[in-house]
Amino acid sequence: MIATRPADHYREIAALTRAPVALMEVCGTHTMAIARHGLRSRLPPALALLSGPGCPVCVTPAAELDRAALLAREPGVTVAIFGDLLRVPGSLSSLERERAAGADVRIVYSPRDALAMAAADRARLVVFLGAGFETTSPLVAATLVRAREEAIENFLVLPVFRLIPPAMAALAADPRARIAGFLCPGHVSTILGTRPYEGLARAHRMPCVVAGFAPGEILRALVLLLRQIAESRAEVENAYETAVRPEGNPTARALLDRVFRVADADWRGIGRLPGSGLELREEYRRHDARARIPVALPAAAPDFERGCACGAVMQGRCAPADCAHFGTECLPAHPRGPCMVSSEGACAAHWRYGGAFRHG
């Protein structure tokens, strides 16, 4: 049995934290929820919650933002994006700067908005910048199926989707991160289920608990993680039973498999991870912006401006305030890196809410 009141959760967390331990919340929504509700400030000093790479805007490579900027400069091209991507700096520019210079860059709330733009004006190419994890990519897959069925060939996608489990496996294998357990993402797990984490738990002796987003749900998941550590167990537990099933969402996963195939992919600030991205299958290549509108990228686009610590923050190696630029040269009004831009970024969470971010 596990208590239900937050006060009881805090007491049990304190009792179970007998030695320094670092747990990682993988999801950017968890990062924001933990900061917004001040959970870190009430945890024992020996317990560090590390913010992981579960912010899709933060891990989108600079080279892909450069590609999107160059596409926006092409005549007859509209680039459609989610709002968080507008101000993220690439090595050449940002989409915000391109829009200010006259490019047709539009914020949408769904890829279907971009599809509607393409259907309304067949003379323009509409490129949707598809950044996201397993939660976002099924909707883009469904939109591509509809575009193909309705022969809307001027709707294109620049796919920069990333898969969470390979990134978690890479972090679990990295001794520099010193992660003792994962708070697994709730939204992603509604699609994946709990089974994809089982191999990770076995291979790396890594406790994993899927968590919801309310304070009590997060605290309950922390208790379950710390119990596993105290009992020398490494299992996958589901503390978000109201939304997550072991099998996830088979319909969404089948749709992903129909439209995309798994590929190696680069993660901004982290590097190339095998089997961690998605690319369009051959029958959907007519909708691939890379194939339809080739552009010449810079020879070597660096992931970050010199000194930006976003990569280290997303791998649990440092806290946002450990970066020399945090709060001085890097602010929401003029960010140096994506972790300060995104609404799910660890640096943005720390700037907005504070909350005793500690490096494990």
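Are any of the residues in the range 103-119 in a loop (DSSP other than H, G, I, E, B), without any contact (Cβ under 8 Å) to a residue 24 or more places away in the chain and surrounded by fewer than 20 Cβ atoms within 10 Å (Cβ to Cβ)? Checked the range 103-119: no residue is in a loop (DSSP other than H, G, I, E, B), without any contact (Cβ under 8 Å) to a residue 24 or more places away in the chain and surrounded by fewer than 20 Cβ atoms within 10 Å (Cβ to Cβ). Residues that are touching a Cys at 6+ places or on another chain (Cβ under 8 Å), free of Cβ contacts under 8 Å to residues at least 40 places away in the same chain and open to solvent by less than 10 Å² (accessible area, probe 1.4 Å) within the range 174-207 comprise Tyr197, Ala201, listed in sequence order.
Any residue in the range 33-53 that is within 27 Å of Leu156 (Cβ to Cβ) and either part of a strand (DSSP E or B) or of a type in the set (Phe, Trp, Tyr) (or both)? Checked the range 33-53: at least one residue is within 27 Å of Leu156 (Cβ to Cβ) and either part of a strand (DSSP E or B) or of a type in the set (Phe, Trp, Tyr) (or both). Among the numbered conditions (1) modelled with pLDDT under 95; (2) on the phi < 0 side of the Ramachandran plot; (3) open to solvent by 10 Å² or more (accessible area, probe 1.4 Å), the only one that Asp66 does not meet is (3).
Restricting the first member to the range 38-52 and to residues that are in contact (Cβ under 8 Å) with a residue 12 or more places away in the chain, and the second to residues that are of a type in the set (Asp, Glu), the beta-carbon pairs closer than 8 Å and six or more apart or on different chains are Leu49/Glu25; Leu50/Glu25; Ser51/Glu25; Gly52/Glu25.
Considering the range 235-302, the qualifying strands (runs of 3 or more DSSP E), each wholly inside and each with 1 or more residues that are under 18 Å from the mean Cα position of the chain (by Cα), surrounded by 17 or more Cβ atoms within 10 Å (Cβ to Cβ) and aliphatic (A, V, I, L, M), run over 260-267, 271-280.
Contact map, the range 259-274: residues that are in contact (Cβ under 8 Å) with a residue 24 or more places away in the chain paired with residues that are of a type in the set (Lys, Arg) and part of a strand (DSSP E or B), Cβ distance under 8 Å, separation 6+ or inter-chain. Pairs shown: Ala265/Arg162; Ala265/Arg272; Asp266/Arg272; Trp267/Arg162. Looking at Ile191, Ile152, just one residue is among the β-branched types (Val, Ile, Thr) and assigned to a helix (DSSP H, G or I), and that residue is Ile191. Restrict the check to the range 308-319 and report whether at least one residue is of a type in the set (Val, Ile, Thr) and either part of a strand (DSSP E or B) or at pLDDT 90 or above (or both). Checking the range 308-319: at least one residue is of a type in the set (Val, Ile, Thr) and either part of a strand (DSSP E or B) or at pLDDT 90 or above (or both).
The values are calculated or read from the model by the stated rules, or taken from the named source; none is laboratory data. Since we're looking at a predicted model, the values are computed, not measured. We place every Cβ from the backbone using ideal geometry, glycine too, and count neighbours over all the protein chains shown. All accessible areas refer to the heavy atoms of the entire protein, side chains included, with ligands and DNA or RNA removed. Shrake-Rupley method; radii C 1.70, N 1.55, O 1.52, S 1.80 Å.
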